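S.K.: My questions will all concern the structure given below.
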Amino acid sequence: MPLKQDVPWYKRAIIYQAHVRTFYDSNGDGIGDFQGLDQKLDYLQELAIDTIWLMPFFPSPLRDDGYDISDYYSVHSSYGTLEDFRTFLKSAHARQIRVIIELVANHTSDQHPWFQQSRSSRENPLRDWYVWSDTDTGYPEARINFVDSELSNWAWDPISKSYYWHRFFSHQPDLNYDNPAVREEMWNVMKFWLEIGVDGFRLDAVPYLVEREGTTCENLPETHAILKELRRRLDEQFPGKMLLAEANQWPADLRPYFADGNEFHMAFHFPLMPRMFMGVKLEDRKPITEILQQTPEIPPSCQWCLFLRNHDELTLEMLTNVERDYMNDTYAQDKEMRLNLGIRRRLAPLLDNDRRRIELMHGMLMSLPGTPSIYYGDEIGMGDNTKLGDRNGVRTPMQWSGGWNGGFSAAEAEKLYAPLIQDPVYGYPTVNVVSQKKTEHSLLNWMGRIIAVRKTTNVFGSGSIEFLYPANHRILAYVRQLENETILVVNNLSNTAQAVELDLRRYKGNILIEMFGKNIFPRVGDLPYLLTLGPYQFYWFRLRRI
Amino acid sequence: MAEVKLAEESVLTDDLLRQLIDVGEVDILVGVPTHNNAKTIGPIVETIQAGILKFFPRERAAIINADGGSRDGTSKLIASAAIHDARPNSKLYALRTFHSISTQYANSPARGTALRTIMASAELLRAKACAVISPESAQITTDWFATLLRPVYTEEFDLVLPTYSRHRFDGILLTNLLYPMARALYGLKIREPYALDFAFSGRLGSQFLAQNAWHDEMAQAGSETQLTLAAIAGEYRICQSFLGTKEHVERHSTDLVPAMRQTVGALFSSLEPNFSSWSARTGSQPIPTTGAEREFTPEPLRVNRKRLREMFSKGVAELESVFQSILSPSTLAELQRIARTEDVPFRYSAELWAKTAYEFAAAYHQSVISRDHIIQALAPLFRGRAFTFLTENINGSDADVENNIESLCLEFERTKPYLLEIWKQ
Amino acid sequence: MRQMIIDELTQAMQELTRGFAHILPRIIVLVIIAFAGWVVAYLLKMFLRSILRLIKFDKLSENAGASQLLTKAALPSATELLSRFAFWVAWLGFILLGVSVLGILALQDEIARFFLFLPRLFVALFILFFGLLAASFFSRAALLAAVNANLPSARLLSVSIRTIIIVFVLSMVFEELGIAEQTVLVAFGTAFGAVMLGLAIAFGTGGKDLAQQFLEKRFAFGKKDEGKEDELSPL
């Protein structure tokens, strides 16, 4: 079925988040690279992925996994050259796969030449590129993000004997966006990569660009103004490219990042994600429906980006204390799993490696309004290693096969950038692409099928959503609609079989066609529609009137 | 052989069943039997929800209202209190959906059926702990849910009965008849065998449902007492929790007979089926009591002793023919003697009262006349006893009153063999 | 002459004998029926006695107040009485059946009437018994209610109710038995009406103060000091 062309591409995309370092090592140095990634594009194409989101690959001292950048115009030597990147990009485009890269706009590494100059003396021309102060008492209302490692947002610089502002690690000084030179330079960075051919940027940590006294220094109007300006220039010179915001905020605070369709194209729906996990544990849809009820309407050209997991900890910031305690007690009893205000585990371990739960979560991910983003490795159910510090436990090498180094690299095991997962349940001999490709009902093949079903219609990405509120609170049911297409989604959030009666009077006369097997279900009549679901089961029905 | 229950005999209407299916399994159920309580029920339901959410925030909970044909919108009020995502603007914050369902079990109130509906729902919903709250408990606080439910939910008790601080002369039927007699017969020091606010475990509820205790008319009316007695007979774990002061409810003296039917009637009916259990016990054991007794200065109550005395004397005189069927000749003669006493006050001693009560129990068991009439006949004699109790305690301290009640209880325990003697005549 | 007399006598004797022989089988049948009837009636008595004992009929009749009446009349217990009564009625019935076999026309009607009368007798007894039971029950109920409501002269009320019900029952019984129907009806009606009228007049005029007090007491609790309620609740 040909897809409508006037729907923007990011509204019908399936995003795959990967780090070039973790994916495939082509030259045997133990670190993944672009040539390797290029070789694995077939795998992604088979999975019907159409957008890759690459994590930072610019030169960096790697003290924050690449989010501390020391050169915005190049590629880290471990991953290859700029030429390698161009080749990879071409291959991707040839397979109709778009590529989004990270733009860490808020801060740089303290090894970046800009900062080296800025700190060298107070009179340096680049001094104002960063936020300096003689005291560390400024902006007291701003919260500390990495509570497990930082005590303050100010750090002392012994060289210029003053404090500099950093919202993340102390080796990541914040750029000063009040300085027009900084803004111009950042646009130049964007322009550079857009000219190479990337299809969009994920802007990291956007709420924090601008600081003002007496505020929390998040989501300030000045920040939005800067972002709108960037967008304006983007639309002018590079139409069809996309900006994705990373802003861990409540829905009401997220709304301004879309403005009137003239700021970001997409933003991650952070508050929804932990509530999906919570709903499944509570066996109650209430947290999910409530957050979506509170989610404001966004301009028609904008889109939410939904995700289950990513490279960071599963953040519990956007929850009340009661909810956070509940999540910690149920999903992270072992305190080692907790980091900052979240849980640093992968999807499969969080869901007890329960195949049905994993399918249910992906079912919701693919059917709730927004564009889904899949974290690399979750499509085969990879595990994690909490012994690796910080969030590195969820950033282990991709497991391609049961053989040498899991098929990731030909190097010695000690040379790998991180050890492979090796336990009997999640280890690479058990969980890998090769063996799952051979098994008809593996998670990998199931993911391929659900992506294929999702792609048969635009309703999931672009349609409206209306919740049904059946009295059985364990059932999450909603209707998606786009023009004359209507799809009913019913999810059983509980571990036990359930019966539910749905009020489908508005759709009386429609025949339900189950979308995976294409079998017909009874027609909607006057009476409430009775459905029974097994544990964690979900249905996608197309409503058809013939 | 257990009777087969026909579909028509079920307390669960189709509508209620459907609602129960939607609620699904719960950990805690709160039952509220009502009849035209719209004026008072709103704050009570709010307190129930606040209490459950405070002490059991993560547990699955629901409220079920068993309504006896209210016409003032009581059921709707309660049903609308549900915390449900379809109604997003609840005042209270809840982690989960908190169902609040309502069902009409009959067109006129029958407390026994209401309780049975609640118990049946608790069993189908597999509730671990169930509390029953009276719609007249205006003095309810959120702490009640910790005191009533924690013992059941976390400490494995099966029945939690309330205790209250009350005016020393409030509840004389309890302190002078129900408490001493139940204590002497069943061997447990339960202050309030007739409780309107209590909690029970799923185990006890299922067991009680299975018994055929619902057919006896008298028992239907006094199901709470029956439940207490069934728990005692079944050797379930019982404890008492302090719930605060008992708010005084205005009642007429004409309310005595219905109250006696529900309580004394239930107590007497329980004696026959549980004979093997109570006949073997001697003495009485204390039961665990939690919750601090609070200092309580009661408001003074108006007391009309003269009236009690009159009704006692008149009763003894006019009901002679009835008493002849019930009481032993010596007891009757003694009663007539004190009724004729010229000097006020006369003394209806503890010994005589215990004998009277036991003879009535035996007469009830043997059905010498209609059982309901036996209960009614006891009322004037009770008034006489109340008169003596008031007279003896009007000037004493609270400790003195407690001592008097204790000695009355001991008298009942001492006289228990007499009941066993006359039981089979 | 002598021969004629002898002939006549012989003929008379023969007729008598013939008649006798004619009727003898029937008498034998009668005797057999009577004997069989005695056996059946005896069995019935035994059977009825055990059933009545089983349902504790004596207890019931004690409740009805019938036992007291019986003892006062030096009659045996209700069970015994009923059993014996059943015995006699049954045996009598059989005997009459036998007599009817004899074919004596004059008696046939009477016998038929007897059998027709039996059901009504039973009904009347039934009414009497349960009427007494009801009288006893309701009078006691009234007594208890009045005592507990602190009404004055509770006993009077109780006895009046018992009397009224008994009178009513008796008149029903008599009507059923067909004894002096009209008389009873009229007597009952008159008496009842008179009582009611008398009460009304008494209340309305001479007893109006008492009536006033009575009504006030009944319907306006808590207003006067004398009948002031206390604030105690029993539970």
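S.K.: Working from Cα positions, state the angle (0 to 90°, nearest 10) between the long axis of helix A:221-237 and the longest principal axis of chain A.
M.R.: Orientation of helix A:221-237: about 80 degrees from the principal axis.
S.K.: Take every residue in peptide A:473-480, count the Cβ atoms of other chains within 10 Å of its Cβ, and give the average of those counts.
M.R.: Working: counts 12, 4, 1, 1, 0, 0, 0, 0.
For peptide A:473-480, the averaged partner shielding equals 2.
S.K.: Using the Cα centre of the protein assembly as shown as the reference point, and only Cβ charges (+1 on K/R, -1 on D/E), how large is the resulting charge dipole? Debye, rounded to the nearest 20.
M.R.: Using only the charged Cβ atoms, the result is roughly 4060 debye.
S.K.: What is the distance in Å between the Cα centroid of the stretch A:61-78 and that of the stretch B:148-207?
M.R.: Taking the Cα centre of the stretch B:148-207 as reference, the centre of the stretch A:61-78 is 72 Å away.
S.K.: Further question on the same structure: I'd like the interface area for chains B and C: accessible area of each alone minus the complex, both sides summed, 1.4 Å probe, protein heavy atoms only. What is it in Å² to the nearest 100? Don't skip to the end; give the middle numbers.
M.R.: Values: alone 19510 and 17190 Å², together 33410 Å².
Buried surface at the B/C interface: approximately 3300 Å².
S.K.: Which stretch or stretches of the stretch A:226-270 have amide N atoms under 17 Å from the point lying 7 Å from A:GLU195's Cα along the Cα→Cβ direction?
M.R.: Output list for this probe position: A:233-239.
S.K.: Check cross-link reach from B:LYS54 to the aspartates and glutamates: straight Cα distance under 17 Å, and skip same-chain residues fewer than eight apart.
M.R.: Partners within reach: A:GLU323, A:ASP325, B:ASP27, B:GLU46, B:ASP143.
S.K.: Still on this structure, I have one more. Give the average, rounded to an integer, of partner chain Cβ atoms located within 10 angstrom of each Cβ in C:145-154.
M.R.: Details: counts 4, 2, 12, 14, 5, 9, 2, 1, 2, 5.
Average neighbour count from other chains, rounded to a whole number: 6.
S.K.: Further question: Kindly provide the Kirkwood hydrodynamic radius of the stretch B:316-425 in Å, to one decimal, from all pairs of distinct alpha carbon atoms. Each step should come with its number before you reach the end.
M.R.: Values: mean 1/r = 0.0679 Å⁻¹.
About 14.7 Å, per the Kirkwood formula over Cα pairs.
S.K.: Based on the Cβ-Cβ distance of C:ILE179 and B:ILE422, what FRET efficiency does E = 1/(1 + (r/R0)^6) give at R0 = 60 Å, to the nearest 0.05?
M.R.: Values: r = 46 Å, r/R0 = 0.77.
Efficiency, from the Cβ-Cβ distance: 0.85.
S.K.: Rounded to the nearest 5, what % of DSSP beta bridges with both residues in chain B are antiparallel? The partial results should precede the final answer.
M.R.: Values: 7 of 33 bridges.
DSSP beta bridges in chain B are roughly 20 percent antiparallel.
S.K.: Counting helices only, and only those DSSP H runs with n ≥ 4, report the 222 nm mean residue ellipticity of chain A as the sum of -39,500 (n - 2.57) divided by its residues, in deg cm²/dmol to the nearest 500. Don't skip to the answer; put the middle values down first.
M.R.: Details: 16 runs with 145 residues, N = 546.
Helix-only estimate at 222 nm: -7500 deg cm²/dmol.
S.K.: Give the shape of the stretch B:137-194 as rounded, prolate or oblate, defined through the alpha-carbon gyration tensor: a ≥ b ≥ c are the square roots of its eigenvalues, a/c under 1.5 means rounded, and otherwise the shape is prolate if a/b is larger than b/c and oblate if not. It would help to have the intermediate numbers written out before the result.
M.R.: On the way: a/c = 3.72, a/b = 1.33, b/c = 2.81.
In terms of gyration-tensor shape, oblate.
S.K.: Need one number: nm distance between label points at A:ASP134 and A:GLU184, each 7 Å from Cα along Cα→Cβ, rounded to one decimal.
M.R.: For the pair A:ASP134/A:GLU184, the computed spacing is 3.0 nm.
S.K.: Turning to a different aspect of this structure: Which of the three applies to the stretch C:134-181, rounded, prolate or oblate, going by the alpha-carbon gyration tensor with a ≥ b ≥ c and a/c under 1.5 meaning rounded? Provide the component values of the computation, followed by the final result.
M.R.: Working: a/c = 6.46, a/b = 3.32, b/c = 1.94.
Verdict is prolate for the stretch C:134-181.
S.K.: Can you find, among C:ILE164, B:GLY205, A:LEU416, the residue farthest towards the positive end of the dipole of the protein assembly as shown? Put +1 on the C-beta of Lys and Arg, -1 on that of Asp and Glu.
M.R.: C:ILE164
S.K.: If the viscosity is 0.890 mPa s and the temperature 25 °C, what translational diffusion coefficient in µm²/s does Stokes-Einstein give for the stretch A:412-546 when Rh comes from Kirkwood over Cα pairs? Let's see the in-between values first.
M.R.: Details: Rh = 17.5 Å.
Taking Rh from Cα pairs, D becomes 141 µm²/s.
S.K.: Something else about it: Around A:LEU468, which amide H atoms from residues at least 5 apart in sequence, or from another chain, sit under 5 Å from its own amide H, with H modelled in the peptide plane?
M.R.: Answer set, sorted by chain and number: A:ALA477, A:TYR478, A:VAL479.
S.K.: Further, regarding this structure: Around A:GLN117, under 14 Å between beta carbons, what's the net of Lys plus Arg minus Asp minus Glu among the other residues? Write down the numbers at each step before the final one.
M.R.: Values: positive: A:ARG119, A:ARG122, A:ARG127; negative: A:ASP71, A:ASP110, A:GLU123, A:ASP128, A:ASP157, A:GLU185.
After counting each charged neighbour, the total is -3.
S.K.: Now for a separate question. Which three extents, in whole angstrom, do the alpha-carbon atoms of the stretch A:1-99 cover along their principal axes, largest first?
M.R.: Here the spans come out as 46, 25, 20 Å, largest first.
S.K.: Next question, about the same structure. For helix B:371-393, what angle does its Cα long axis make with the longest principal axis of chain B, in degrees from 0 to 90 and rounded to 10?
M.R.: It works out to around 80 degrees.
S.K.: Okay, next question. Is the shape of the stretch B:10-54 best called rounded, prolate or oblate, per the rule: a/c under 1.5 gives rounded, else a/b larger than b/c gives prolate, else oblate, with a ≥ b ≥ c the square roots of the Cα gyration tensor eigenvalues? Please report the intermediate quantities before stating the final value.
M.R.: Values: a/c = 2.92, a/b = 1.29, b/c = 2.25.
In terms of gyration-tensor shape, oblate.
S.K.: So, by mean Cβ neighbours within 10 angstrom, what's the order for B:318-330, C:24-36, B:57-69 with the highest one leading? Intermediate results must be reported in sequence, preceding the final value.
M.R.: Values: B:318-330: 17.4, C:24-36: 13.4, B:57-69: 22.9.
Sorting B:318-330, C:24-36, B:57-69 by mean packing, highest first, produces B:57-69, B:318-330, C:24-36.
S.K.: Mind giving me the nanometre distance, one decimal, between the label points for A:ALA94 and A:ARG544, set 7 Å out from Cα along Cα→Cβ?
M.R.: Those two pseudo-labels are separated by 3.9 nm.
S.K.: Just order A:87-94, A:299-306, A:142-149, B:177-184 by mean Cβ neighbour count inside 10 Å, highest at the front, would you?
M.R.: Working: A:87-94: 17.0, A:299-306: 18.8, A:142-149: 14.5, B:177-184: 25.2.
So the peptides A:87-94, A:299-306, A:142-149, B:177-184, ranked by packing, come out B:177-184, A:299-306, A:87-94, A:142-149.
S.K.: When the Kirkwood radius is taken over all Cα pairs of chain B, what Stokes-Einstein diffusion coefficient follows at 10 °C and 1.306 mPa s, in µm²/s? All intermediate terms of the calculation are to be shown ahead of the outcome.
M.R.: Working: Rh = 22.6 Å.
Value of D from the Cα-based Kirkwood radius: 70 µm²/s.
S.K.: Using r as the Cβ-Cβ distance of C:VAL186 and B:ASN395, and R0 as 56 Å, what FRET efficiency do you calculate, to the nearest 0.05?
M.R.: Values: r = 66 Å, r/R0 = 1.17.
Given R0 = 56 Å and the Cβ-Cβ separation, E is 0.30.
S.K.: Please tell me which of these pairs span more than 25 angstrom C-alpha to C-alpha: B:LYS306/C:LYS217; B:LYS39/B:LYS246; B:LYS246/B:LYS314; B:LYS39/B:LYS306; B:LYS314/B:LYS416? Walk me through the intermediate numbers first.
M.R.: On the way: B:LYS306/C:LYS217 16 Å; B:LYS39/B:LYS246 20 Å; B:LYS246/B:LYS314 32 Å; B:LYS39/B:LYS306 36 Å; B:LYS314/B:LYS416 29 Å.
Cα-Cα > 25 Å for B:LYS246/B:LYS314; B:LYS39/B:LYS306; B:LYS314/B:LYS416; rest within.
S.K.: First select every other residue whose beta carbon is under 12 angstrom from the beta carbon of A:ARG98; then total the charges, Lys and Arg +1, Asp and Glu -1.
M.R.: Numbers: positive: A:ARG12, A:ARG95, A:LYS241; negative: A:ASP50, A:ASP199.
Here the charged neighbours net out to +1.
S.K.: A further question on this structure: Hey, which of these cross-link pairs are over 22 Å Cα-Cα: A:LYS455/A:LYS518; A:LYS11/A:LYS241; A:LYS387/A:LYS415; A:LYS281/A:LYS387?
M.R.: Details: A:LYS455/A:LYS518 15 Å; A:LYS11/A:LYS241 13 Å; A:LYS387/A:LYS415 18 Å; A:LYS281/A:LYS387 25 Å.
Violating the 22 Å Cα-Cα cut-off are A:LYS281/A:LYS387.
S.K.: Here's something else I'd like to know. Could you state the accessible area per residue of the protein assembly as shown in Å², with a 1.4 Å probe and every protein chain left in place?
M.R.: Details: 52430 Å² over 1206 residues.
Counting only protein heavy atoms, the per-residue value for the protein assembly as shown is 43 Å².
S.K.: Can you give me the C-alpha center-to-center distance between the stretch A:384-415 and the stretch B:396-412, rounded to a whole angstrom?
M.R.: 79
S.K.: If you roll a 1.4 Å probe over chain B with all protein chains in place, what percent of the accessible area is carbon or sulfur? Can you show the working numbers first?
M.R.: Working: 8680 of 17060 Å².
The C+S portion of the solvent-accessible surface of chain B is 51 percent.
S.K.: What FRET efficiency comes out for A:VAL425 versus A:GLN45 if R0 is 22 angstrom and r is the Cβ-Cβ distance? Round to the nearest 0.05. Could the numbers behind the result be given before it?
M.R.: On the way: r = 29 Å, r/R0 = 1.34.
Between A:VAL425 and A:GLN45 the formula returns 0.15.
S.K.: Report the full-extension gain for the segment B:ASP14 to B:GLU46: residue separation times 0.36 nm, less the Cα-Cα distance, to one decimal in nm.
M.R.: On the way: separation 32, 0.36 × 32 = 11.52 nm, distance 2.76 nm.
The B:ASP14-B:GLU46 span can extend by a further 8.8 nm.
S.K.: What ratio of Cα Rg to 2.2 N^0.38 Å holds for the stretch A:77-143? Working shown, then result.
M.R.: Values: Rg = 18.9 Å, N = 67, 2.2 N^0.38 = 10.9 Å.
Normalised Cα radius of gyration, the stretch A:77-143: 1.74.
S.K.: For chain B, what is the mean residue ellipticity at 222 nm derived from helices alone (per DSSP H run of n ≥ 4: -39500 (n - 2.57); sum divided by total residues; nearest 500 deg cm²/dmol)? Please list the in-between numbers first.
M.R.: Working: 18 runs with 206 residues, N = 425.
Dividing the helical sum by the residues of chain B leaves -15000 deg cm²/dmol.
S.K.: Straight-line reach from A:LYS40: which aspartates and glutamates fall under 13 Å, measuring Cα to Cα and dropping same-chain residues less than 8 apart?
M.R.: The qualifying aspartates and glutamates are A:ASP25.
S.K.: How far apart, in nanometres, would the label points at C:PHE203 and B:ARG347 be if each is projected 7 angstrom from Cα along the Cα-to-Cβ direction?
M.R.: 4.6
S.K.: If you find the alpha carbon centre of the stretch B:39-77 and of the stretch A:245-288, how far apart are they in angstrom?
M.R.: 33
S.K.: Output the peptides C:174-187, A:445-458 sorted from most to least packed, where packing is the average of other Cβ atoms within 10 Å over each peptide's residues. List each step's numbers first, then the result.
M.R.: Details: C:174-187: 13.7, A:445-458: 17.6.
Order by mean packing, descending: A:445-458, C:174-187.
S.K.: I would also like to ask the following. Per residue of A:442-455, count partner chain C-beta atoms within 10 Å of its C-beta, then hand back the mean as an integer. Before the final figure, lay out each step's value.
M.R.: Numbers: counts 0, 0, 0, 0, 0, 0, 0, 0, 0, 0, 0, 0, 0, 0.
Rounded to a whole number, the mean comes out at 0.
S.K.: Go from 0 up to the bin containing the longest alpha carbon distance in the protein assembly as shown, width 20 Å each, and give me the % of pairs per bin.
M.R.: The calculated distribution, bin by bin, is 9, 26, 22, 18, 14, 8, 2, 1, 0, 0.
The values are calculated or read from the model by the stated rules, or taken from the named source; none is laboratory data. None of the values given here were measured: they were computed from a predicted structure. Backbone-built Cβ (ideal geometry, glycine too); neighbour counts: all protein chains shown. Each accessible area value is taken on the protein alone, full model and side chains, heavy atoms only, with ligands, DNA and RNA left out. Shrake-Rupley method; radii C 1.70, N 1.55, O 1.52, S 1.80 Å.
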